[in-house]
């Protein structure tokens, strides 16, 4: 009788422990980011290999944006502060310019300073062609970037993208309105 009780107890314990595996991100995607080479705000070359091993949150912006980019950048500054409050290390913020001809490293630096960006874990990227960023956004981020023939307002989405240590996009979030900071922080913790 005791042997049978131990067997049942052991079986129940195994079933309970099997449900205690690594926590997963809810509604996760797994989009691999294609390799890239870009120039950061310090005029240094940065590529996907430089971000390997870090969790990062990315967005598409441009400095002459008349509507969504300023609030998106301000929201990322708020996220940066929350990351610091939560003592989350090895988390990088990455902004890809969708208007690389206008957005030189110096222009990106001046833009970021207006928002109080802390550069220790925030990289602003440019130095590629318009054709590259449009194709890169479509292939890696499953989103549109399109510079119209006339005018200077580039069409792009307002998502924030959570990227894992291997360079795979795991989730997208609103980066413009109703940013789910708590969800982003929890998902980052799950990846770490």
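Restricted to the range 145-156, and to residues there that are touching a strand residue (DSSP E or B) at 6+ places or on another chain (Cβ under 7 Å) and in contact (Cβ under 8 Å) with a residue 60 or more places away in the chain, the residue that is farthest from residue 55 (Cα to Cα) is 154.
Set side by side, the residues 82, 89, 23, 34 differ, and just one is more than 19 Å from residue 104 (Cβ to Cβ) and not in a loop (DSSP other than H, G, I, E, B), which is 82. Checked against the criterion of being in contact with a strand residue (DSSP E or B) (Cβ under 6 Å, 6 or more places away or on another chain), touching a residue at least 24 places away in the same chain (Cβ under 8 Å) and outside any loop (DSSP other than H, G, I, E, B), the candidates 123, 190 yield just one match: 123.
Results for (1) within 25 Å of residue 177 (Cα to Cα); (2) buried (at least 18 other Cβ atoms within 10 Å of the Cβ); (3) at pLDDT below 95, shown as yes or no for each residue.
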site: 32; (1), (2), (3): no, no, no
site: 61; (1), (2), (3): yes, yes, no
site: 69; (1), (2), (3): yes, yes, no
site: 81; (1), (2), (3): yes, no, no
site: 85; (1), (2), (3): yes, no, no
site: 91; (1), (2), (3): yes, yes, no
site: 97; (1), (2), (3): yes, yes, no
site: 115; (1), (2), (3): yes, no, no
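Return the residues of the range 44-59 that are surrounded by fewer than 20 Cβ atoms within 10 Å (Cβ to Cβ) and farther than 15 Å from residue 124 by Cα; say none if nothing qualifies. Within the range 44-59, 49, 52, 53, 54 qualify. Taking the listed residues 189, 142, the one that is within 21 Å of residue 48 (Cα to Cα) and at pLDDT 95 or above is 142, with no other qualifying. The one condition from (1) in a helix (DSSP H, G or I); (2) without any contact (Cβ under 8 Å) to a residue 24 or more places away in the chain that residue 71 does not meet is (2). When every residue of the range 124-137 is checked against the conditions, none turns out to be touching a helix residue (DSSP H, G or I) at 6+ places or on another chain (Cβ under 9 Å), at pLDDT 95 or above and farther than 19 Å from residue 108 by Cβ. Restricting attention to the range 162-181, and to residues there that are without any contact (Cβ under 8 Å) to a residue 40 or more places away in the chain and under 12 Å from the mean Cα position of the chain (by Cα), which single residue is farthest from residue 49 (Cα to Cα)? Once the filter is applied, the top-ranked residue is 174. Here the condition is being surrounded by 13 or more Cβ atoms within 10 Å (Cβ to Cβ) and touching a strand residue (DSSP E or B) at 6+ places or on another chain (Cβ under 7 Å); of 161, 176, it holds for 161 alone. The residue list 184, 133 contains one member that is within 17 Å of residue 93 (Cα to Cα), touching a residue at least 24 places away in the same chain (Cβ under 8 Å) and surrounded by 14 or more Cβ atoms within 10 Å (Cβ to Cβ), which is 184. Residues in the range 147-158 that are surrounded by 13 or more Cβ atoms within 10 Å (Cβ to Cβ) and part of a strand (DSSP E or B): 156 alone.
The values are calculated or read from the model by the stated rules, or taken from the named source; none is laboratory data. Values in this document were obtained by computation on a predicted structure and should not be read as measured data. Positions of Cβ are backbone-derived with ideal geometry, glycine not excepted, and every protein chain shown enters the neighbour counts.
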